[in-house]
Amino acid sequence: MEREYAKPEEYGLADLLCCAASREVADNEVVFAGTGLPMVAIMLAQKTHAPNLKLIFEAGTLDGRPPELPTSVGDARCEMGASRSSGLYDAFSIAQRGMVDLGFLGGAEVDEYGNVNTTCIGDYLAPELRLTGSGGNPDINSFARRTVFIMVHEKRRFVPNVSYITSPGWRVKKWPGGDFVHRRELYGSAYRGGPTAVISTAGVFRFDEQSGRMYLDTCHAGKGPEEIREMCQFDLDISRVNGETKPPTREELRIIHEVLDPDEIFIPKVKKG
Amino acid sequence: MSTSKRITLQQAAEVIGNGSSLTFSGFTIWRRPFALVYELIRQKRKGLHLIEVNGGPQTEFLVGAGCVDIWESCWVGHELYGKYGANLSRKVAEKAIIVEDYSHAEMLFRFAAASSGAAYAVTQTSLGTDIHNPEYDMLGRAGLRDGSNPHIARHKYRFTDDPFFDAGAQVLVPAVKVDVAVMCVQQVGEEGTVRLSGQYYSDPEAARAADITIVIAEEIVPEEYLRREADRNAIPTFDVDYIVECPFAGHPTGMFGRYDVDGAFLKDFYGRTRTQEGFDDFAREWIFGLDHHGYLEKLGWPRMMRLKANTALNYSPREPKGGK
């Protein structure tokens, strides 16, 4: 089937992020969903190229096929059509058991090695702002084969070292000393992978699994590699850029706005005219 | 037939003394025992040690009202109705509360350990993160890990290597020590059998981990009715010490099959309680001077009818998604 890509005026950044995230999912994978845009992205994948993906909601739904978009992972809509409805013990056990292929996560700050902070801005002991805390972010990131972060791109968020490592990237701290080591050295038999992509409002970034360093993969329409490097506080590797992020297709936009999120809870429609 | 477990909401709040360690049923903005939370605030409870698998609006209300000295958990916010816990954030900045951060799975495993009588849980989650930074052991920094407080472990965590199969580094996290768990559920029997509908989150672990478990139910039903299908019941009688019948006890959080989250209410709370003055003002409007019936009357029939779940769908198709 030929893909009919939408023109720039037909979609917004949230649409682009959602579709880019959706394309990270392969069919038949077990995917962990958090509240918000990730949920829309996964359900979009479920309704397009990955009809057999197994959707896990952290609050306790296994292999969910919600006919309608849940408002959060505790929502009654989550378990409609699911293989099993249970609780957190199930959700985290299957993650630790190594059954999760992919998790979608978010963050306030990310560093060059994919460490993510959702706990506080500034010094943990005297924070400028206390944020939500970890939630399941480190747990999914510890156990899933791949994790994808969806983030707003601002220079203050792409930093050399996050204020607090909430969620483990490729180069993490070995306690009690706090020296940085490759995560492979810490996780033993639980090592299965780590962050594989950051999808920001500027571009798509990936990681070199050996060095653990982030590099720019694709730029969103209208953004250049140099410009994106300027939007990071660390020296972003732009030597491997692979063109522009593919825009949403008209079919994807239709599913997002007519089927999944007609009320624009997570993804606003582009205003016409 | 055992003696009655029925008590009132006021009596339930009195079970939780100053300085108690406390936990709740539910998940973020779902099935939180708000009627009891409001009553604790009215009764001006102090020095609570809140231990939660995850926090939510109930954390924000108790923290904003100054009832909580210590919060051990992993997350607080209002999901799509408010992106972080502004009251907790304010109290952290003022150093008016001690926050001990664990990961979500660590908290869950800590409850699971307590509920099975184990001293600690073992896991490989969150290795390499600042959750395990020894400088960030906040109860330790406060000098509270000396063994004198029965709710507080001597260490935040310990590391060990797998002695059995060489699986590598393992984290040991202490079982939680919870005095009281308050559950907010659909149905409870006269003797305490609990039937949950929908995802049961971490409720069975929480109920069994606590020394005293109070169940607040939308309805108390005959035990005989629940015992006809025992496989549908989540919590047995002897895990439950007290029961309270209190419809809409979870509002503004939602309850599967009964009512949706009141998103507009949570948005209003989040927007108005960034400052202590804002919180106090909100509490004067919605908590003080009211009892549960007064609160429901103030919310009004039209609002409650809109939130009421459709019994086939288990959510309300009338409540606009996103609280818009």
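The values are calculated or read from the model by the stated rules, or taken from the named source; none is laboratory data. If you're wondering where the values come from, they're calculated on a predicted model, not measured in any experiment. Here Cβ is always computed from backbone atoms with ideal geometry, including for glycine, and neighbour counts include all displayed protein chains. Quick note on the areas: whole protein, heavy atoms, side chains included, nothing else; ligands and nucleic acids left out. Shrake-Rupley method; radii C 1.70, N 1.55, O 1.52, S 1.80 Å.
Some observations on this one:
- Every residue from segment A:150-198 that is of a type in the set (D, E) and either crowded, with 21+ Cβ neighbours inside 10 Å or farther than 18 Å from B:F159 by Cα (or both): A:E154
- Subset of segment B:242-262 that is among the hydrophobic types (A, V, I, L, M, F, W, C) and under 16 Å from B:E297 (Cα atoms) - its residue that is farthest from the other protein chains (Cβ to nearest Cβ): B:C246
- Matching entry among A:S189, A:S163, A:S167 (being out of contact with any helix residue (DSSP H, G or I) (no Cβ under 7 Å at 6 or more places or on another chain), within 8 Å of another protein chain (Cβ to nearest Cβ) and of a type in the set (S, T, Y)): A:S189
- Those residues of segment A:86-118 which are buried (at least 22 other Cβ atoms within 10 Å of the Cβ) and either among the small types (G, A, S) or within 9 Å of another protein chain (Cβ to nearest Cβ) (or both), in sequence order: A:G87, A:L88, A:A91, A:F92, A:A95, A:G103, A:G107, A:A108, A:G114, A:N115, A:N117, A:T118
- Residues that are modelled with pLDDT of 95 or more, open to solvent by less than 10 Å² (accessible area, probe 1.4 Å) and under 28 Å from A:G74 (Cβ atoms) occur in segment B:154-162; there is at least one.
- Qualifying residue in segment A:233-242 (condition: open to solvent by less than 50 Å² (accessible area, probe 1.4 Å) and of a type in the set (G, A, S)): no
- Taken over segment B:5-36, the criterion of being among the aromatic types (F, W, Y) and either over 9 Å from the mean Cα position of the chain (by Cα) or more than 17 Å from B:E79 (Cα to Cα) (or both) is satisfied by B:F24, B:W30, B:F34.
- Close pairs (9 angstrom Cβ cut-off, 6 or more residues apart or separate chains): within 14 Å of B:H251 (Cβ to Cβ) in segment B:262-278, assigned to a loop (DSSP other than H, G, I, E, B) and open to solvent by 40 Å² or more (accessible area, probe 1.4 Å) anywhere: B:G263/B:P320; B:G263/B:K324; B:A264/B:P320; B:A264/B:K324
- Residue in segment B:21-32 that is touching a Cys at 6+ places or on another chain (Cβ under 9 Å) and either surrounded by fewer than 22 Cβ atoms within 10 Å (Cβ to Cβ) or closer than 22 Å to B:L144 by Cβ (or both) present: no
- Subset of segment A:117-166 that is in contact (Cβ under 8 Å) with a residue 60 or more places away in the chain and part of a strand (DSSP E or B) - its residue that is nearest to B:R141 (Cα to Cα): A:V159
- Per the listing A:E58, A:E79, the residue uniquely crowded, with 24+ Cβ neighbours inside 10 Å and under 27 Å from B:D130 (Cα atoms) is A:E58.
- Test: residue in segment B:99-110 that is surrounded by fewer than 21 Cβ atoms within 10 Å (Cβ to Cβ), of a type outside the set (F, W, Y) and either touching a Pro at 6+ places or on another chain (Cβ under 8 Å) or more than 30 Å from A:V110 (Cβ to Cβ) (or both): no
- Here B:A96 clears all of (1) small (G, A, S); (2) more than 14 Å from chain A (Cβ to nearest Cβ); (3) more than 16 Å from the chain's Cα centre (by Cα) except the condition numbered (2).
- Scanning segment B:99-111 for residues that are within 7 Å of another protein chain (Cβ to nearest Cβ) and not in a loop (DSSP other than H, G, I, E, B) turns up B:D101, B:H104, B:A105, B:L108.
- The lone criterion from (1) open to solvent by 40 Å² or more (accessible area, probe 1.4 Å); (2) more than 22 Å from B:V76 (Cβ to Cβ); (3) facing chain B (nearest Cβ under 10 Å) left unmet by A:T35 is number (2).
- Cβ pairs under 8 Å, 6+ apart, first in segment A:28-53 and more than 17 Å from A:T71 (Cα to Cα) and without any contact (Cβ under 8 Å) to a residue 60 or more places away in the chain, second crowded, with 21+ Cβ neighbours inside 10 Å and β-branched (V, I, T): A:A45/A:V25; A:A45/A:V31; A:H49/A:V25; A:A50/A:V25; A:L53/A:V25; A:L53/A:V31; A:L53/A:I42
- Sole exception among (1) part of a loop (DSSP other than H, G, I, E, B); (2) in contact with a Leu (Cβ under 9 Å, 6 or more places away or on another chain); (3) closer than 22 Å to A:D15 by Cα; (4) not aliphatic (A, V, I, L, M) for A:T196, by number: (1)
- Qualifying residue in segment B:86-93 (condition: surrounded by 24 or more Cβ atoms within 10 Å (Cβ to Cβ), among the polar types (S, T, N, Q) and assigned to a helix (DSSP H, G or I)): yes
- Segment A:199-217 - residue that is outside any strand (DSSP E or B) and crowded, with 20+ Cβ neighbours inside 10 Å and, of those, modelled with the lowest pLDDT: A:G212
- Some residue of segment A:245-263 being under 21 Å from A:R146 (Cβ atoms) and part of a loop (DSSP other than H, G, I, E, B): yes
- From the list A:G34, A:G87, A:G12, A:G103, the one residue that fits, being closer than 27 Å to B:G322 by Cα and more than 19 Å from the chain's Cα centre (by Cα), is A:G87.
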